[in-house]
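The values are calculated or read from the model by the stated rules, or taken from the named source; none is laboratory data. Since this is a predicted model, take the numbers as computed values, not measurements. Reconstructed Cβ throughout: ideal geometry from the backbone, glycine too, with neighbour counts over all protein chains shown. Protein only, heavy atoms only, side chains kept; ligands, DNA and RNA dropped before computing areas. Shrake-Rupley method; radii C 1.70, N 1.55, O 1.52, S 1.80 Å.
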Amino acid sequence: MSDKQVADYEKLIRHLDIQPSEFMMIGNSLKSDVLPVLEMGGYGVHVPFHTIWEHERIDHQVEHENFIQVEHANELLSVLIKP
């Protein structure tokens with residue numbers, strides 16, 4: 001997906017025939033991977049990378065009940081599989 005806006009994610013979940021609450025995006029950009037998905041009601045997992053494009057920077061902390069941040073990709077399994 002080249003343009004990651006809320007409408008683009010909504011189009012994707014309609015195509016997948018799922019609800020926003022059934023969708024999780026895992027990515028290294030808060031701005032384009034995580035925030036639009038949270039806005040539409042999905043889950044966003046941020047895996048930071050040591051470099052980031054300037055246009056992908058945000059100037060606030062993300063606080064949302066569907067937001068998860070891990071430091072390394074190897075932590076994802078424990079996030080995805082909850083007892």
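Choose one answer from LEU12, LEU30, LEU38: the residue with the largest mean-square fluctuation in a GNM of the chain with alpha-carbon springs under 10 Å.
LEU12
Across all directions of projection, what mean area in square nanometres is found for the Cα convex hull of region 6-59?
Convex hull of Cα atoms, orientation-averaged projection: 3.7 nm².
Among HIS64, HIS72, HIS50, which one shows the biggest mean-square fluctuation in a GNM of the chain, springs joining Cα atoms closer than 10 Å?
So, out of HIS64, HIS72, HIS50, the one fluctuating most is HIS50.
Excluding the sites themselves, what is the longest stretch of the chain that contains no GluC sites (Glu not before Pro) in a DSSP loop with at most 10 other C-beta atoms within 10 Å?
1-62
So what is the 222 nm mean residue ellipticity for the chain from helices alone, if each DSSP H run of at least 4 adds -39500 (n - 2.57) and you divide by all residues, rounding to the nearest 500 deg cm²/dmol? Can you show the working numbers first?
On the way: 3 runs with 22 residues, N = 83.
Theoretical 222 nm ellipticity from helices: -7000 deg cm²/dmol.
Return the sequence-ordered ³J(HN,Hα) values of region 32-40 in whole Hz as given by the Karplus equation 6.51 cos²θ - 1.76 cosθ + 1.60 applied to θ = phi - 60°, using x for Gly and Pro.
With coefficients 6.51, -1.76 and 1.60, one gets 9, 9, 9, 4, x, 5, 4, 4, 8 Hz.
What longest region of the chain stays clear of chymotrypsin sites (Phe, Trp or Tyr not before Pro) that DSSP places outside H, G, I, E and B and that have at most 11 other Cβ atoms within 10 Å?
1-48
Which of the trypsin sites (Lys or Arg not before Pro) found in the chain are loop residues per DSSP with 13 or fewer other Cβ atoms within 10 Å of their Cβ?
ARG57
Hey, what do the phi angles of region 6-20 turn into as Karplus ³J(HN,Hα) couplings, whole Hz, using 6.51/-1.76/1.60 and θ = phi - 60°, x for Gly and Pro?
3, 4, 5, 5, 5, 4, 5, 5, 5, 4, 7, 6, 10, 8, x
Roll a 1.4 Å probe over the protein chains and send me the accessible area per residue for the chain in Å². The partial results should precede the final answer.
Working: 6040 Å² over 83 residues.
It amounts to 73 Å² per residue over the chain.
Can you give the accessible area of ASP59 in Å² (nearest 10), computed on protein heavy atoms with a 1.4 Å probe?
So the heavy atoms of ASP59 present about 150 Å² to solvent.
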